[in-house]
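The values are calculated or read from the model by the stated rules, or taken from the named source; none is laboratory data. Bear in mind the structure is a predicted one, so any value in this text is a computation, not a measurement. Note that each Cβ is placed from the backbone with ideal geometry, even for glycine, and that neighbours are counted across all protein chains shown.
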Amino acid sequence: MVLRNFGEVSEERPLFQLFFLKDDENQSVEVEEVEEINFEEVRKRLEQGESVFITRKGRQRSNTILVAEKDEAELWYFSDI
């Protein structure tokens, strides 16, 4: 089974999420939500050895659907022809 998220994103106020993945013994993650990306801060974090993941975030109405996936082909049987 696989969860698939289908949603509608509102364009009211663009937000970005920045994930700073630290290379420490706890493998900490710092998350910031901003309207504008400070690329100087991103560059500084990269130089310090952190990984950075940036994604766009909007208001989202989520419609999550559970989908079954099978490796084998699905067989169809007809009882009357």
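So how many residues does region 31-54 have that are surrounded by 12 or more Cβ atoms within 10 Å (Cβ to Cβ), closer than 17 Å to LEU15 by Cβ, touching a strand residue (DSSP E or B) at 6+ places or on another chain (Cβ under 6 Å) and not aliphatic (A, V, I, L, M)?
Of the residues in that region, 1 qualify.
So, in region 22-44, how many residues would count as being under 18 Å from the mean Cα position of the chain (by Cα) and either among the aromatic types (Phe, Trp, Tyr) or not in a loop (DSSP other than H, G, I, E, B) (or both)?
6
Given the options ASN63, ASN5, name the one that is surrounded by 10 or more Cβ atoms within 10 Å (Cβ to Cβ), within 19 Å of the chain's Cα centre (by Cα), at pLDDT below 70 and not in a loop (DSSP other than H, G, I, E, B).
Every option except ASN63 fails the conditions.
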